[in-house]
Amino acid sequence: MKKLILTFFMVLASFACFADNYINFTIPLRWGFYFQDKKSSEYYDYNEFIWSYGATAEYFHTFSGAFGIGLKGSVNKCKVSVDFDTDGGYYNGNSIGWNVAPTFGWAFSGEGTKKKINLYPIVFERFSFTDLDGSSSLQIPEDNKLVLTNYKFGATFSWQWGNEGVQNGLEFGFSFPWDGMLEYDGKTIAKSGYGFDFHLAYKISLYMPKL
């Protein structure tokens with residue numbers, strides 16, 4: 001077992017020695033729509049319309065070719081509208097959302113430019129709704145214990161320009177849920193979500209020398 005663990009860390013170290021490392025930051029504007037089926041007859045079907053702005057950070061590790069792997073996380077300030085299909089109720093409000101995802105992709109460099117494609121096989125995302133205002137038979141109180149969780153997959157494409165040290169550019173991305181659920185006061189009231197979202201973002205990349 002010790003030999004196996006040692007071998008594992010040696011492989012990681014060898015990757016770092018023959019790889020280029022980047023820290024990527026984006027400032028995205030994002031729009032999304034999600035739908036959940038009611039879990040039982042006492043609840044309803046729900047639609048969530050979300051637009052947000054925020055910031056993301058990503059560590060990306062490119063090997064000797066174009067291929068690389070990384071990890072990305074984001075925090076978002078959101079506006080949200082939650083519609084209740086059955087009783088015609090709705091709530092509008094704010095949300096703080098965050099997500100985290102492993103990624104792999106390909107970076108292609110040209111004369112002063114870089115094009116990059118990233119795939120995100122699993123994204124874990126949560127929105128905690130606040131300051132909700134509206135009306136429904138669910139009667140959400142002021143403490144707003146309404147939380148949306150999504151498990152998604154997605155992709156981004158970016159185009160940047162600049163020197164090797166600092167590159168600026170634009171990013172476009174989208175995602176679709178694998179699954180999702182809406183919770184109220186700690187109880188799941190709807191699940192099996194579907195929908196989509198997309199974003200446009202300013203992107204800056206900082207080069208980190210090989211170890």
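The values are calculated or read from the model by the stated rules, or taken from the named source; none is laboratory data. Being a predicted model, the structure only gives us computed values, none of them experimental. Reconstructed Cβ throughout: ideal geometry from the backbone, glycine too, with neighbour counts over all protein chains shown. Accessible surface areas use protein heavy atoms only, side chains included; no ligands, DNA or RNA. Shrake-Rupley method; radii C 1.70, N 1.55, O 1.52, S 1.80 Å.
Run the 1.4 Å probe and let me know the accessible area of TYR194, rounded to the nearest 10 Å².
130 Å²
Roughly how many Å² is the accessible area per residue of the stretch 164-211, as a whole number, for a 1.4 Å probe? Kindly include the intermediate steps, with their values, before the conclusion.
Values: 2670 Å² over 48 residues.
That works out to 56 Å² for each residue.
How would you classify the stretch 151-190 from its alpha-carbon gyration tensor, with a ≥ b ≥ c the square roots of the eigenvalues: rounded for a/c under 1.5, else prolate if a/b is greater than b/c, otherwise oblate?
Values: a/c = 5.73, a/b = 3.27, b/c = 1.75.
It comes out prolate by the Cα gyration axes.
Among LEU200, GLY162, PHE176, whose Cα projects farthest towards the positive end of the dipole of the stretch 159-211, with charges put on the beta-carbon of Lys, Arg (+1) and Asp, Glu (-1)?
The residue sitting most towards the positive pole is GLY162.
If you roll a 1.4 angstrom probe over the protein chains with everything in place, what fraction of the accessible area of the stretch 157-211 belongs to carbon and sulfur, to the nearest %? It would help to have the intermediate numbers written out before the result.
Numbers: 2150 of 3120 Å².
Percent of accessible area from carbon and sulfur atoms in the stretch 157-211: 69.
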